[in-house]
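Below: the structure, in structure tokens.
We did not get these values from a lab; they are worked out from the coordinates using the rules stated. Every value quoted in this text rests on a predicted model; they were computed, and no experiment measured them. Here the Cβ positions follow ideal geometry from the backbone for every residue, glycine too, while neighbour counts run over all protein chains shown.
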Amino acid sequence: MDKQKKLSPETINAHALHQIDTLTGGLMPAIQPSSTFVRDENYQLINAQHSYGRDESPVYDVAERVLAELEGAPSALLFSSGMSAATAVLHTLRPGDHIVAPKVMYWGLRNWLVKFCDHWGMSIDLFDSSDPKGLISAVKPGRTRLVWIETPCNPSWDVIDIAAASEIAHGVGAMLAVDSTVATPVLTQPIKFGADIVLHSATKYLNGHCDIVAGALVTAKEDECWERVREARIDAGAILGSFEAWLLQRGMRTLFLRVRRACESAQTIAEHFEGHPGLEAVIYPGLSSHPGHELASRQMEGGFGGMMCLQVKGGAKAALDVVRRCKVLIRATSLGGVESLIEHRYTIEGENSPVPADWLRLSIGIESVDDLIGDLEQALA
Ligand SMILES: *Cc1c(COP(=O)(O)O)cnc(C)c1O
């Protein structure tokens, strides 16, 4: 007999692996909010898989199995936020361990990493992700346990070579964790390039509708480290609510459509505004002027993501004036939703921010690209 043809990721994702609610035959999973699960007269669990609400939730299964499949991984775990998922990775380390992370990355996580390392007796070195040698000189053979990268990274959209980072990390006995929130499994599967752990802020593209905060980790191997990550979820209790998990599995079903549309529109907008008289620069990895373009063309498949920055002529005030005049793009932080957002990162991050004050960060959604271009044209006029 012919081997059954493996279905494409789009189909697997749209059907959520065809997981039917066995109790009712429902096409959609049920939301199971129980905090506890019943035992029979012999004190045996009625369903051996479920005992208490902090352990596995039946609703997690759908999103976790689909995400693992999309990332080409044996296992995935949902968390209460992207940050609690990242925290779980750090909790696999010990005092004295050394970690390495980029200078420019999701600022909330970078700030927390530095504080956590200080409190926990660990050391951290931040490397310049725009310098290909930066990571090599930051790692310490035998001492570095974790190399953390984000690609494309917030908000310069520098692209880091995952395969090269994996070689460097493994060469000194460290694991490689990749924050792939911005790339999503539609554009990059970091495990294919040698990542050990992949992080998603599921708040962003995976859910896609700005209506939950959630996180996820995906592993290349179900090893001892993954066991400790699992403990951080189950025993330390970084769990997601049932309703949020249900919304996530629903939002994820349209991931490919949303991400592809965002990539297409972002590319059109970036090309349209490059060279605009009101702008110093458009920072987007899909433009050949971006330093990470060539690497992104190799590492990302089918698009360069929905995130970009505009560097406005005239400094911080001019940038804030552009934001003020926007009528379609919405003034808000975050990214990866169906509606386009515009934000002034410097205001959000504060005085110590490494982000230039004349940069605006755009998260491109799924609206008509003409409406978005028109809005930015009038805001820049
Ligand atoms: C938002 C974000 C996080 C943090 O995730 P939360 O869900 O807000 O906790 C981490 N990394 C990146 C790239 C993000 O955009």
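Based only on other Cβ atoms within 10 Å, what is the fewest-to-most ordering of 46, 149?
Ascending Cβ contact count within 10 Å gives the list 46, 149.
Picking from 276, 119, 170, which is most flexible by a Gaussian network model of the chain using Cα springs under 10 Å?
119
What would the Debye equation give as log₁₀ I(q)/I(0) for the range 302-381 at q = 0.15, 0.17 Å⁻¹, counting only Cα atoms as equal point scatterers?
For the requested q values the scattering log ratios are -0.49, -0.63.
Which loop GluC sites (Glu not before Pro) in the range 282-381, with loop taken from DSSP, have no more than 14 other Cβ atoms within 10 angstrom of their Cβ?
When the GluC sites (Glu not before Pro) of the range 282-381 are filtered for loop state and at most 14 Cβ neighbours within 10 Å, 301, 351 remain.
Would you check the chain for Lys pairs whose C-alpha atoms are within less than 26 Å, ignoring same-chain pairs closer than 8 in sequence, and give me the count?
Pairs that pass both the separation and distance tests number 24.
May I ask you to work out the translational diffusion coefficient for the range 8-52 at 4 °C, viscosity 1.567 mPa s, via Stokes-Einstein with Rh from the Kirkwood sum over Cα pairs, reported in whole µm²/s?
Diffusion coefficient, whole number: 101 µm²/s.
Could you tell me the distance between the Cα centroids of the range 345-378 and the range 121-161, to the nearest Å?
Using only Cα atoms, the two centres lie 26 Å from each other.
Work from the charge dipole of the chain (Cβ charges, +1 for Lys and Arg, -1 for Asp and Glu, about the Cα centre) and give the residue of 299, 22, 96 farthest towards its positive end.
Checked the options; the winner is 96.
With a cap of 13 neighbouring Cβ atoms within 10 Å, and only residues DSSP puts in a loop, list the chymotrypsin sites (Phe, Trp or Tyr not before Pro) found in the range 1-81.
Those that pass, being in a loop and sparsely packed, are 43.
Looking at the range 170-239, what % of the alpha carbon pairs are farther apart than 16 Å?
Tail fraction, whole percent: 54.
Under a point-charge model restricted to the Cβ atoms of Lys and Arg (+1) and Asp and Glu (-1), what is the dipole moment magnitude of the chain relative to its Cα centre, in debye to the nearest 20?
In debye, rounded to 20, the chain gives about 200.
Let me check against my output: what whole-number percent is the relative contact order of the range 36-121, with C-alpha pairs under 8 Å and at least 6 apart?
Worked out over the range 36-121, it gives 14 percent.
Using θ = phi - 60° and the Karplus curve 6.51 cos²θ - 1.76 cosθ + 1.60, what whole-Hz ³J(HN,Hα) does each residue of the range 146-158 get, with Gly and Pro shown as x?
9, 10, 9, 10, 9, 8, x, 9, 5, x, 8, 6, 4
Normalising by the residue count of the chain, find the relative contact order in percent from Cα pairs under 8 Å and 6+ residues apart.
The normalised contact order for the chain reaches 16 percent.
Where the centre of each part is set by its Cα atoms, how far does the range 5-55 sit from the range 193-218, in angstrom?
21 Å
Which of the helices in the chain, when you take each full DSSP H run, stretch at least 24 Å along the axis at their Cα atoms and have an average Kyte-Doolittle score of -1.0 or higher?
Those that pass (Cα extent of 24 Å or more, hydropathy at least -1.0) are 255-273.
Defining a contact as two alpha carbons under 8 Å apart and six or more residues distant in sequence, what relative contact order in percent does the range 1-79 show?
25 percent
Provide the descending list of Cα extents for the range 105-226 along its principal axes, expressed in whole angstroms.
Ordered largest first, the range 105-226 gives principal extents of 42, 33, 32 Å.
Could you put 153, 225 in order, starting from the residue whose Cβ has the fewest other Cβ atoms within 10 Å?
225, 153
Taking θ as phi - 60°, what are the ³J(HN,Hα) couplings along the range 199-212 by the Karplus curve (6.51, -1.76, 1.60), each to the nearest whole Hz, with x for Gly and Pro?
My calculation for the range 199-212 gives 9, 10, 7, 6, 4, 8, 5, 4, 7, x, 10, 6, 10, 8 Hz in order.
How big is the range 4-252 in terms of Cα radius of gyration and Dmax, in angstroms?
Over the range 4-252's Cα set, Rg and Dmax evaluate to 18.8, 65 Å.
What are the trypsin sites (Lys or Arg not before Pro) within the range 117-184 that DSSP puts in a loop, where the Cβ has at most 16 other Cβ atoms within 10 Å?
Taking the range 117-184 and a limit of 16 other Cβ atoms within 10 Å, the loop trypsin sites (Lys or Arg not before Pro) found are 133, 143.
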